[in-house]
Structure formats: structure tokens, C-alpha cells
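Note sheet for the following structure.
The values are calculated or read from the model by the stated rules, or taken from the named source; none is laboratory data. Just so we're clear, the structure is a prediction, and the values are computed from it rather than from any experiment. All Cβ positions, even for glycine, are placed from backbone atoms using ideal geometry, and neighbour counts span all protein chains on display.
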């Protein structure tokens, strides 16, 4: 039988998935204003981005470029060790994939100048090879018909960095290339923004406990750049560096010089967790922080920032679409200005959803139409200031009930 506190938690907040942004279950009718997309690179992120695009009526996947054969690409798309078998029909027709009856042309070249973006009308391109991460290097993409290029990784130059739910309104149509940052930056920045906006962060350290990735070694091998990184991924906890904290300061400039961090690579297949310890400018309580996060997760940062007050573990967040899910039960406060907060993120699926959201957002802005992701369009339920304050008070009361139930 569930404890009283568990019942309170379930009634007040529901399950972890209850706050995930709604997505269409099947492609159905493609929007007349669907973003015409292309993908260069069919690795871990490229494949997941493709899965998301074919189910999203706001995107139309026009072309995929990969060195693999059509048959192997169909196999890679259909089967996934973490996110499961694709829920639909995957076929091959000549040199095209046919997914749920929709034909997606393929090309197979390592030279971006030869990718036929213009021929197939793929104007918004997800660059997921990891090889072209500067504005200079994507000039062949643009010359070949791409209108905009979105890096599914941190840029290696000063290209604009956009983290959805944080600074998406800074996008300008004059940008040719935009970086979606990293999965960890997306897993950290929405929570940092919510806390910094409400209380101010004077200084902070973060640690990401990160699942294994393809760059790691299956057995002990060599890595001249990072000796520890050359050790067996499945048998070790490996300290590592991360640029995620520094990247957060690119999207929240107020925090420059105030935030840094590190990583531990751990032997799990997917889902990571970030630990942020910060000194706050404004005194508060942990319950107030929880209420602030929950309010943002249901209004201005809905779909990007999540809130959870159930005792969950990493596998419970597999295939979660949100960037960052605040774990109310895992944080702790030392004093009114010093707090540790924790957030989960699916470093594969959550991040891939943000890449697609960014592409849609850019295309809407470029077309001069309202983006559903603009801050001005963020859901507040049409509430005025007094109603918003009343709503926040209601959330705080709910959080207090949970805090008492847990004590």
C-alpha cells in the first residue's frame, strides 16, 4: 500500500511523464507551414532527430545524407537499444527511406558541397556529423541550398548559441548558423535561468553525472588527450571535463565568471543528472525554490523545464522529451543563501527534441510568423499579474503540503 506521502505526491504532481510537452502520436497531416528539413550525419543524434521529425507535423524531412547504405540506414532508424523499435513502418525504395508511407530521399557523400539540399528543398539543415561546426565550414551547405544550419553540438567558433527555454528570443534571421549547444548545457541552463531570475546566483559549481557516449572506449585503449577517457567505459566511473557550465554563460551572460563545472562519466547507457551547488544573492527557502521551478515548468518554460517530486531513478527518465527535470526530493539547502539542486535529463532524446524545436522556431521567425516557442507566446493561461501571483501562491501551498508530508 502506498504511504500517505506517496499519495499526496501522486495527487499533487502526477507521474514524471505528466508534465512532458505533448507530441503528436503519428505524423498525420503535415502543416502547410512545416519546416523543410535536412539531416547531414546519421549517428546517434541524427537518427533520433529523424524519428522526431517524421512524427512532428511542424517538420517535413526532405533529405538525409549519410555514408551508409539505404538498407543499413533503415535498420539503424528502425531499431534502437535505448528508445526501442520505431512505432511505424520503415521500408526502402531504391535509394530512399519510406517511413509511414512518406518517401525520404537519401544521399551518400562526405563532401558537403555535393549534398543536394536545393534539389530536394531541404532549407533547414541539422548538421550532426560533428565535422562541420564553424560558420566557415558550412559555407558549402549554404551554397548547396541550405538556408540555415543548426549544429547539434557546441560550435567551435563564435556562432550564436541558442538554448530553448532560455534565450530563444535572441535568434535573428541574419544568422546563417546556430548552435543548439550540448545536451548538458540544455540539461542545466533552464534550471539555472529559473533560479537566477528569481534569486540571483553569486557563484556556482556544477557536476554532471553523465551516461556513456560513443566517444568512449569499450575496453581500455588509448587517449592521448585524456588519459582517463581512454579507460573502459562500462567498467569505470571516469572524471572528465565539460564545457557545459561555461556554455551556460553564453546564454546567460550575467553568470560569466560565476559558474564552472566538471563531469563524471558513468557506466549507464542513457540519462544523465546534473548537480548544481550555488550561493544565492537573495535569501530564500528550499520550498520557495521548488515552487519557483514548478511554476516555470507550467508557464514560461513549459516543455523545457520539468518538475518531479517522486522518488525516481535514471531509467524512469528514458525518452523524456524535456531538457531538464528538476528533482525536488534530491536537493538540499545548507542555509538561506546556499543550496544544492538536482535535475535529470535524457542526454539523447531530450536534446534531440530541442534540436527540432530550434529548427521550427528559426523557420517561424524567418517566415515572419509567430513562433510557439517565443517567450511572448509562452503559456501563462492568459492570466494577468494578480492571477499569476495567486497561482504562484497556490503552487507554494502545494509544495508546503508535500514538504510536511515528507518530514
Taking only segment 195-211 into account, find how many residues are under 16 Å from the mean Cα position of the chain (by Cα) and more than 12 Å from residue 342 (Cα to Cα).
2
Are any of the residues in segment 370-387 part of a loop (DSSP other than H, G, I, E, B), out of contact with any strand residue (DSSP E or B) (no Cβ under 9 Å at 6 or more places or on another chain), at pLDDT 75 or above and more than 30 Å from residue 129 (Cα to Cα)?
yes
Listing of strands (runs of 3 or more DSSP E) fully contained in segment 283-369 that carry 3 or more residues being touching a residue at least 40 places away in the same chain (Cβ under 8 Å):
305-308, 324-327, 338-345
Going by the conditions given, is residue 393 more than 30 Å from residue 178 (Cβ to Cβ), modelled with pLDDT under 95 and either more than 27 Å from the chain's Cα centre (by Cα) or not in a helix (DSSP H, G or I) (or both)?
yes
Need a quick list: strands (runs of 3 or more DSSP E) entirely within segment 169-274 having at least 1 residues that are more than 21 Å from residue 344 (Cα to Cα) and at pLDDT 95 or above.
177-179, 201-210
Unique residue being assigned to a loop (DSSP other than H, G, I, E, B) and either out of contact with any helix residue (DSSP H, G or I) (no Cβ under 7 Å at 6 or more places or on another chain) or over 21 Å from residue 122 (Cα atoms) (or both) when the list is 86, 72:
86
State the number of residues belonging to segment 54-68 that are outside any loop (DSSP other than H, G, I, E, B) and touching a helix residue (DSSP H, G or I) at 6+ places or on another chain (Cβ under 6 Å).
4
Over segment 75-116, the set of residues out of contact with any strand residue (DSSP E or B) (no Cβ under 9 Å at 6 or more places or on another chain) and within 15 Å of residue 47 (Cα to Cα) is 76, 79, 80, 81, 82, 83, 84, 85, 87
Inspect all residues belonging to segment 141-153 and state whether any of them is in a helix (DSSP H, G or I), modelled with pLDDT of 95 or more and within 23 Å of the chain's Cα centre (by Cα).
no
